1. Mind checking which residues of the stretch 300-310 are open to solvent by 30 Å² or more (accessible area, probe 1.4 Å) and in contact (Cβ under 8 Å) with a residue 24 or more places away in the chain?
2. Considering (1) over 19 Å from M1 (Cα atoms); (2) in contact (Cβ under 8 Å) with a residue 60 or more places away in the chain, say which one S100 fails and leave the rest.
3. Under 7 Å by Cβ, and 6 or more places apart or on different chains, what pairs join a residue from the stretch 241-259 that is among the β-branched types (V, I, T) with one that is in a loop (DSSP other than H, G, I, E, B) and open to solvent by 10 Å² or more (accessible area, probe 1.4 Å)?
4. Would you confirm whether any residue within the stretch 208-216 is in a loop (DSSP other than H, G, I, E, B) and of a type in the set (D, E)?
5. Here are some residues: R23, R39. Which one is within 13 Å of P265 (Cβ to Cβ), basic (K, R) and out of contact with any Phe, Trp or Tyr (no Cβ under 8 Å at 6 or more places or on another chain)?
6. Under 9 Å between Cβ atoms, at least 6 apart or on separate chains: pull out the pairs that start in the stretch 399-419 with a residue that is closer than 22 Å to G241 by Cβ and in contact (Cβ under 8 Å) with a residue 40 or more places away in the chain and end on any residue that is open to solvent by 80 Å² or more (accessible area, probe 1.4 Å) and of a type in the set (V, I, T).
7. Taking the residues in the stretch 338-375 that are open to solvent by 30 Å² or more (accessible area, probe 1.4 Å) and at pLDDT 70 or above as candidates, determine which candidate is farthest from D52 (Cα to Cα).
8. Could you list, in sequence order, all residues of the stretch 76-87 that are touching an Asp or Glu at 6+ places or on another chain (Cβ under 6 Å) and either within 17 Å of E7 (Cα to Cα) or outside any helix (DSSP H, G or I) (or both)?
Amino acid sequence: MLLFTLEGFTPAALSCYGSSWNRTESIDAAASIGTVWDRAVTPVTAPLAQLDRWLSCGQFPADHMVVVTDDERLSRLPSADAIGELMVIPQPGGDRVADSLEDTTLASLVAIAAEQLPDNPHVWLHSRFLTRLWDAPRDLFPIDQLDEADLAPLDAAESLELELEQQHRSDVDEPPGMPAILPHWQPPHFLRQAADDPDLVMAWMRTYGCQIRLVDALFGLLHSVAAETCHDAIVLAGTSGFALGQNGAIGHRAGPLRSCHLHVPIVAAPLHAEGRVGGSDASFSGVGIRDRDVTSADRLPAIMAAVTSEPTRSPLSPEVWAARRAPDQESVAPDDAVVTRQGQQHVAITTRDWFYATQLVTADGESSHDTQTSHDNQGPADDGRPTGHGEPDSRGHLYLKPDDLWDVNDVARLRADTANQFAETLRNA
């Protein structure tokens with residue numbers, strides 16, 4: 001089995017998760033014959049803690065695994081002693097965008113992991129480049145294919161207005177507009193300000209999307225090598241999410257703690273599927289099964305064990321992925337709720353119907369009086385300290401799921417009883 005995990009990996013940039021602004025063809029192909037967990041949520045806010053939870057799980061094949069990583073912190077975890085072979089590849093001190101895909105730091109890491117595949121039954125590649133170095137060549141995102149039709153004038157009046165505007169710009173020395181994609185190599189980490197260019201968020205989204213296209217291209221390469229070396233399955237997952245403008249935050253663990261920081265992709269696919277779609281065995285690989293229920297990222301070891309034992313079957317039984325819930329089954333604390341912890345404090349809970357986050361907590365657990373950081377300083381400190389704010393309301397924040405995908409409408413005051421029940425659930429967790 002090949003396991004590929006990334007820190008700061010959001011499903012919002014994957015087209016198999018519904019992204020309309022980015023394409024991930026290799027990952028989509030794997031999802032189309034495997035299993036996708038639509039609502040996987042991390043039970044911890046710190047990605048390093050998630051790694052530790054996986055390694056500490058008895059089902060995780062750490063002792064039979066070769067781990068290739070650029071995260072030097074992994075070797076300092078107490079659970080790292082269980083790893084069969086750990087290869088920590090220090091990330092070079094790059095400060096530029098690579099000229100080609102082969103020159104990127106992730107490509108170097110992938111090459112080392114690919115060398116391990118022929119001789120090892122389990123290979124795990126883990127990278128934190130998405131939170132440290134955005135060096136993917138910018139031509140991976142086809143800017144020249146962006147739709148320019150919406151920018152054209154619709155009628156004669158607009159044509160005249162556009163002509164006058166262009167004439168004004170030629171007479172006045174105005175600063176250039178926001179580029180479609182940004183050349184910065186350092187990941188962003190800031191809260192959007194009212195004076196920011198309206199296109200700033202989209203520019204950063206495309207820049208992040210460029211990094212994800214690099215992941216997609218190298219995922220396709222690993223998929224081919226793993227299949228040729230007789231591995232049975234490939235699993236792609238994230239240890240933390242990434243904010244792309246939700247609640248005004250852009251960056252890894254930036255801004256208030258919301259769904260985007262906890263929602264991660266999990267995709268498991270066989271490498272030797274027969275491609276059969278129909279038949280009596282509905283759980284056979286090739287049908288592109290999706291689990292739309294809330295799932296803890298802690299389930300990854302169990303998913304890996306299921307895929308390893310039966311590579312041509314989905315880890316989900318038909319009773320799970322085909323189940324339908326009656327409208328009156330809403331519950332504040334169902335059995336499949338995921339409670340998320342920041343250190344020793346329980347700070348959020350995700351259920352089939354709701355996402356609740358405690359008040360005065362940001363993605364890193366800091367209080368509302370912490371100083372905001374402008375995007376003039378484009379990177380967080382190594383400890384990932386966030387910027388954020390909150391309001392003095394003990395009720396916390398409540399969002400309807402799955403309809404309110406990006407936590408836009410806080411309904412805590414409208415559903416005070418539900419918010420208070422969640423607050424009590426977290427206090428007693």
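The values are calculated or read from the model by the stated rules, or taken from the named source; none is laboratory data. Since the structure is predicted, the reported quantities are computational estimates derived from the model, not experimental observations. All Cβ positions, glycine included, derive from the backbone under ideal geometry; neighbour counts span all protein chains shown. Accessible surface areas use protein heavy atoms only, side chains included; no ligands, DNA or RNA. Shrake-Rupley method; radii C 1.70, N 1.55, O 1.52, S 1.80 Å.
1. In the first step, residues of the stretch 300-310 are kept if they are open to solvent by 30 Å² or more (accessible area, probe 1.4 Å); the result is 302, 305-306, 308-310.
Once the filter is applied, which keeps residues that are open to solvent by 30 Å² or more (accessible area, probe 1.4 Å) and in contact (Cβ under 8 Å) with a residue 24 or more places away in the chain, the stretch 300-310 yields A302, A305, T308.
2. Of (1) over 19 Å from M1 (Cα atoms); (2) in contact (Cβ under 8 Å) with a residue 60 or more places away in the chain, only one is false for S100: (2).
3. Note: pairs meeting the criteria are I250/R192.
4. Taking the stretch 208-216 and keeping what is in a loop (DSSP other than H, G, I, E, B), we get none.
There is no residue in the stretch 208-216 that is in a loop (DSSP other than H, G, I, E, B) and of a type in the set (D, E).
5. On inspection, the qualifying residue turns out to be R39.
6. From the stretch 399-419, the pairs are Y399/V408.
7. R352
8. L77, G84, listed by residue number.
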